[in-house]
Amino acid sequence: MRKNDAHHLEEPYVVKDLFHLRSALNFSSKFMLNITVNKKVLTFEVDTGSPVSLIGSQDKQRYFPHLTLHPADLRLVSYCDNEISILGKIFVSVVANGDETLLPLHVADSSRHPLVGRNWLRDSNIDFNRIFKPGTHSMSHCSLVPEVTTTALKNILHKYPNVFNDRIGHISGVRATLTIRDNTKPMYIKARPVAFAVRNAVDKEIDKLVSDGIWEKVDHSNWATPVVPVQKAGGRVRLCGDYKITLNPNLLVDDHPLPTVEELFATVAGGQRFSKIDLLQAYLQLEVRREDRELLTLSTNRGLFRPTRLMYGVASAPAIFQRLMEQILQDIPGVTIFIDDIRVTGPDDRTHLLRLEEVLKRLDAHNM
């Protein structure tokens, strides 16, 4: 048994980065490890990018409510430069491979999953083979899906081929409404120059949108917003409108709330199987009523084009689409919706697949 005094556990960290490493190899799953801490078994995510081990304030209160919170002279910054608020640290007894070690556990002002950082990996007797060798984890976090489940999943996907084709959907039976403030004067702003590096991609995207009936060529308009090309993977571009300088200041923005992180996690609580569905250019699947389309007119290097569908950049678009998706997928348990991302979960394979099929059935019924 190995014991360390608390005053020897201070580390010289003042400013450190906290980040997750991603690999080009097939290590997409997180590494999880069960560790006995103060005689309680907790599941930690292993993150060699973090200098310290962390626990959220909620878990601290749940598992170690009586441990004294000591000051921590430590500042952590995530890889995207967001500061992680550290409330302090506690000292816990960690049992690893038969050895017991007193180690610091920093408490973050968050509900994040417990995380093992480099200090515990260095100062405790954690068996690295249990972390990195498949099948040797004390918690099987990535078990193989049985063949019968794989077959059932394939059968479900084959039932709804239209949901998975490459074309942009056209939601049936619903149109978006845009409402502007009283006495609003139309705004017309000419097109901006397009960089030569993306001009061909922009022309191809315009041709495709017109061909698919998503944009219409017009000769004149009271409203015009400059188009903004956003580069995507594979040399493609997404064409948005700079509506913040034209339409948005005059728009009565829809106030339908987006779900909070806490609400999203509460919905998937207890889930053991998960699916994620990402809708293809979601806003463009929703038609805008004809009398509101002039508000969306875009000025481009090829003239004026009037969208027939909801456009990226419109302030009301997230709330409009969120409400629609909640209506379409209402009353399906274990389903969370955040605009164009749908997550489906269940406590077992059978329940998960039943819910997933119901989601796909409704998307197919609405031509999505």
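The values are calculated or read from the model by the stated rules, or taken from the named source; none is laboratory data. Nothing here was measured: the structure is a model prediction, and the numbers come from that model. For neighbour counting, all protein chains shown are included, and Cβ atoms are generated from backbone atoms with ideal geometry for every residue, glycine included. Surface accessibility is based on the protein's heavy atoms, side chains included, excluding ligands, DNA and RNA. Shrake-Rupley method; radii C 1.70, N 1.55, O 1.52, S 1.80 Å.
When the chain is treated as a Gaussian network with alpha carbon springs shorter than 10 Å, the biggest mean-square fluctuation among HIS158, HIS220, HIS66 belongs to HIS66. Using 0.36 nm per residue and subtracting the Cα-Cα separation, the extra length available between TYR160 and GLN327 on full extension is 58.1 nm. Backbone phi angles across region 252-264, fed through the Karplus curve with coefficients 6.51, -1.76 and 1.60 (θ = phi - 60°), yield HN-Hα couplings of 7, 6, 4, 9, 5, x, 7, x, 7, 4, 4, 5, 5 Hz in residue order; Gly and Pro are listed as x.
Within straight-line reach of LYS208, meaning a Cα separation under 23 Å, sit the following lysines at least 8 residues removed in sequence or on another chain: LYS190, LYS217, LYS232.
Sum -39500 (n - 2.57) across every DSSP H segment of at least 4 residues in the chain, then divide by the residue count to get the 222 nm mean residue ellipticity, nearest 500.
Details: 8 runs with 84 residues, N = 368.
Computed mean residue ellipticity for the chain: -7000 deg cm²/dmol.
Counting only DSSP beta bridges whose two residues both lie in the chain, roughly 75 percent are antiparallel. Around the amide H of LEU87, modelled in the peptide plane, lie the amide H atoms of VAL107, ALA108, ASP109, all under 5 Å away and 5 or more residues distant in sequence or on another chain. With all protein chains in place and a 1.4 Å probe, the accessible surface of the chain carries 52 percent carbon and sulfur.
For region 259-287, backbone nitrogen atoms closer than 16 Å to the point 7 Å from ARG350 Cα along Cα-to-C-beta are found at 272-273. Among 231-239, 297-305, sorting by the average number of other beta carbon atoms lying within 10 angstrom of each residue, highest first, gives 297-305, 231-239.
Ranked by solvent-accessible area (1.4 Å probe, protein heavy atoms only, all chains present), the residues SER124, SER211 order from largest to smallest as SER211, SER124. Counting only protein heavy atoms and using a 1.4 Å probe, the accessible area of THR43 comes to about 40 Å².
What the chain shows is 56 Å² of accessible area per residue, with the surface traced by a 1.4 Å probe over protein heavy atoms. The 3J(HN,Hα) values that the Karplus relation (6.51, -1.76, 1.60; θ = phi - 60°) gives for region 191-203 are, in residue order, 5, 9, x, 9, 4, 4, 5, 10, 4, 5, 5, 5, 4 Hz. Gly and Pro appear as x. Subtracting the Cα-Cα distance of SER211 and THR177 from their residue separation scaled by 0.36 nm leaves 9.9 nm. The distance linking region 233-258 with region 342-359 is 32 Å (Cα centroid to Cα centroid, whole angstrom).
Using R₀ = 51 Å, calculate the FRET efficiency as 1/(1 + (r/R₀)^6) where r is the Cβ-Cβ separation of THR48 and VAL218; round to 0.05. With R0 = 51 Å, the Cβ-Cβ based efficiency is 0.35. 3J(HN,Hα) along region 306-320, derived from phi through the Karplus expression 6.51 cos²θ - 1.76 cosθ + 1.60 where θ = phi - 60°, amounts to 10, x, 9, 10, 5, 9, 5, x, 7, 4, 7, 4, x, 5, 4 Hz, with x in place of Gly and Pro. Peptide packing: for 248-256, 82-90, the average count of neighbouring Cβ atoms within 10 Å per residue gives the ranking 82-90, 248-256, highest mean first.
Taking amide hydrogens as placed 1.01 Å from N in the peptide plane, the amide H of ALA224 sits under 5 Å from those of MET187, TYR188, ILE189, each at least 5 positions away in sequence or on another chain.
The amide H of VAL92, built 1.01 Å from its N in the peptide plane, has LEU103, LEU105 as neighbours under 5 Å, considering only residues 5 or more places off or on other chains.
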